[in-house]
Amino acid sequence: MTFEVIEAEVAEGQRVVSRGVYLAPNLITTLSLLSGFYSILASTQGEFYKASLAIFLSAILDGADGRVARMLNAQSPFGEQYDSLADMLAFGVAPAILVYSFALQPLGRIGLGCAFVFTACAAFRLARFNVQVGIVDKNTLSLASPLAAILVTAAVMVAVDHNEWVGQYDTAVIFLFAAWVVICGLLMVSNVKYYSFKEFDKKSTFCSSNNWCVGYEYCAL
């Protein structure tokens, strides 16, 4: 199933209508967007564990939509852009609001700034990925926004599970969260390379009887 997206293009005096956008993979992306939206609402209401689980669900759905699109041969430029917009909310905004509501709020403007650094870096990472598709190997870009969001979210879940010895408003924990969210944000815009396992091919991990491959194309002699 598709729905039409009409582009303002003219060919030989006639307006060209695109073939449409596939609903199956974009429906999964919409569910990921919904999970991120719910996470924000849960964070503002103090339900931090539910908010964390929603971000994890968004990460699962984010990996599923691409696989479904490839299985159905339903990739489209619209789907790519829509996925990036959903990722911005689910992995850029939702984790920042979660960690700010959970630990950084007592720091005032400093806490707000630390949370915003993560959101801004996620936006930069997603924009850089979009403009470098087909130019730079996507498997060797900096830390992906879903993984960065999971790192921040996992820290919140650990703190919630062990609140009896961590202390939600303990000063040391607050500053630790502030440093952690900034570090995760900067890793998304750093030059440190991370390999993606979304398209991992087991056949490419062995070069010969003595040489093992790292990732996709590099061999240790």
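The values are calculated or read from the model by the stated rules, or taken from the named source; none is laboratory data. Being a predicted model, the structure only gives us computed values, none of them experimental. No Cβ is skipped: glycine too gets one built from the backbone with ideal geometry, and neighbour counts run over all protein chains shown.
Quick one: is Leu104 under 19 Å from Leu176 (Cα atoms), part of a helix (DSSP H, G or I) and modelled with pLDDT of 95 or more? Against the criterion (under 19 Å from Leu176 (Cα atoms), part of a helix (DSSP H, G or I) and modelled with pLDDT of 95 or more), Leu104 does not qualify.
From the list Leu41, Leu34, Leu98, Leu53, exactly one residue is surrounded by fewer than 18 Cβ atoms within 10 Å (Cβ to Cβ), closer than 12 Å to Thr153 by Cβ and modelled with pLDDT of 95 or more. Which is it?
When all the criteria are applied, what remains is Leu53.
Just one of Gly46, Gly13, Gly63 is within 30 Å of Ala178 (Cβ to Cβ), modelled with pLDDT under 90 and out of contact with any helix residue (DSSP H, G or I) (no Cβ under 6 Å at 6 or more places or on another chain); which is it?
Details: Gly46 fails: modelled with pLDDT under 90; Gly13 fails: within 30 Å of Ala178 (Cβ to Cβ).
Exactly one residue qualifies, and that residue is Gly63.
Residue check: Val166 meets all listed conditions (1) surrounded by 15 or more Cβ atoms within 10 Å (Cβ to Cβ); (2) modelled with pLDDT of 80 or more but one, namely (2).
Just one of (1) surrounded by 15 or more Cβ atoms within 10 Å (Cβ to Cβ); (2) farther than 16 Å from Leu147 by Cβ trips up Leu112, so point out which. Status for Leu112: all satisfied but (1).
Quick grid of which residues meet (1) hydrophobic (A, V, I, L, M, F, W, C); (2) farther than 17 Å from Ala149 by Cβ; (3) touching a Pro at 6+ places or on another chain (Cβ under 6 Å):
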site: Leu31; (1), (2), (3): yes, no, no
site: Leu34; (1), (2), (3): yes, no, no
site: Ala42; (1), (2), (3): yes, no, no
site: Glu47; (1), (2), (3): no, yes, no
site: Lys50; (1), (2), (3): no, no, no
site: Ala69; (1), (2), (3): yes, yes, yes
site: Leu72; (1), (2), (3): yes, yes, no
site: Leu89; (1), (2), (3): yes, no, no
site: Gly92; (1), (2), (3): no, no, no
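Of all residues in the stretch 70-84, those that are touching a residue at least 12 places away in the same chain (Cβ under 8 Å) and part of a helix (DSSP H, G or I) total 7.
Let's see how each residue does on (1) touching a residue at least 40 places away in the same chain (Cβ under 8 Å); (2) of a type outside the set (A, V, I, L, M); (3) out of contact with any Phe, Trp or Tyr (no Cβ under 8 Å at 6 or more places or on another chain):
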site: Ile60; (1), (2), (3): no, no, yes
site: Val68; (1), (2), (3): yes, no, yes
site: Ala86; (1), (2), (3): yes, no, yes
site: Leu98; (1), (2), (3): yes, no, no
site: Ala115; (1), (2), (3): yes, no, no
site: Cys121; (1), (2), (3): yes, yes, yes
site: Ala148; (1), (2), (3): yes, no, no
site: Thr153; (1), (2), (3): yes, yes, no
site: Ala159; (1), (2), (3): yes, no, no
